[in-house]
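Asks: Handing you this structure, nothing more for now.
The values are calculated or read from the model by the stated rules, or taken from the named source; none is laboratory data. This is a predicted model, so every value here is computed, not measured. Heads up, the Cβs are rebuilt from the backbone with ideal geometry, glycines too, and the neighbour counts pull from every protein chain shown. Ligands, DNA and RNA are stripped out before the accessible areas are found, and what is left, the full protein with its side chains, is counted by its heavy atoms. Shrake-Rupley method; radii C 1.70, N 1.55, O 1.52, S 1.80 Å.
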Amino acid sequence: MRHSHHMLRSRSGERGSTMIEAVICMLIICLILFGLLQIFYITAAQMITDYSAFRAARSETVGFKEEIVEREGRLKAIAASGRMRFPIDMTSASNDSYPYSSAVEQFYWERLAIIDYMEMRRTLKYEYWSPDYNVNENYSTSYTVTSSPQGDTFTAYATFLDYPWIMPMRRAFVTDGSLNIEGKAELSRQSTMYLE
């Protein structure tokens with residue numbers, strides 16, 4: 001009788017320790033998963049920023065004006081720029097005031113707005129383009145595109161300053177909290193071939 005009572009007590013203790021071990025393992029797995037997602041998110045933002053710098057340099061080398069070069073760079077960075085803030089604020093629109101019935105309809109309208117933006121007929125503002133547009137008070141993200149001629153080549157820089165970390169519990173790994181993503185592209189001048 002004593003023997004079975006002792007086994008029953010030890011099994012209930014094992015159940016409790018197994019539950020605690022399972023919770024700890026799940027937390028570690030979630031932390032690893034969220035860390036990998038953050039790495040993918042930042043890697044995608046880096047590739048988009050590099051492409052943005054390349055497109056700005058390409059626009060500069062074929063002879064476009066500075067404003068067009070900047071717009072081209074910003075346009076190619078939209079995928080990493082957060083939500084649209086203007087002409088429609090997609091960060092605060094409620095379901096009643098939202099003009100789109102589907103994501104496809106929203107994409108179609110945004111595509112038309114981008115065409116108008118490149119033709120200088122419309123202004124676009126996205127969440128990470130300026131601290132003024134950023135809804136999250138923890139970040140003051142801004143985006144710049146600059147280019148400079150150096151002899152027969154143009155160098156373009158695209159930069160997201162203070163890009164947001166979306167990973168939960170990020171303070172355990174990152175003390176500063178700010179992340180700068182920079183892209184750079186150098187291309188040879190081609191406009192002289194077309195303009196001669």
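Asks: Name the residues in segment 5-15 that are open to solvent by less than 70 Å² (accessible area, probe 1.4 Å) and modelled with pLDDT under 55, would you?
Replies: The one that is open to solvent by less than 70 Å² (accessible area, probe 1.4 Å) and modelled with pLDDT under 55: S10.
Asks: I've got another one for you. Identify, please: which residue in segment 45-71 is of a type in the set (S, T, N, Q) and open to solvent by less than 50 Å² (accessible area, probe 1.4 Å) and is, among those, farthest from the chain's Cα centre (by Cα)?
Replies: T61
Asks: Using the structure shown, decide if D152 is open to solvent by 60 Å² or more (accessible area, probe 1.4 Å) and more than 21 Å from the chain's Cα centre (by Cα).
Replies: When the stated conditions are applied, D152 passes them.
Asks: Restrict the check to segment 16-32 and report whether at least one residue is modelled with pLDDT under 80, part of a helix (DSSP H, G or I) and open to solvent by less than 50 Å² (accessible area, probe 1.4 Å).
Replies: Yes; the residues of segment 16-32 include at least one that is modelled with pLDDT under 80, part of a helix (DSSP H, G or I) and open to solvent by less than 50 Å² (accessible area, probe 1.4 Å).
Asks: Any idea which of (1) outside any loop (DSSP other than H, G, I, E, B); (2) β-branched (V, I, T); (3) at pLDDT 70 or above is the one T192 doesn't satisfy?
Replies: It fails just one condition, (3).
Asks: Also: Under 7 Å by Cβ, and 6 or more places apart or on different chains, what pairs join a residue from segment 38-55 that is more than 15 Å from E70 (Cβ to Cβ) with one that is surrounded by fewer than 16 Cβ atoms within 10 Å (Cβ to Cβ)?
Replies: Q38/I166; Y41/I166; I48/A79
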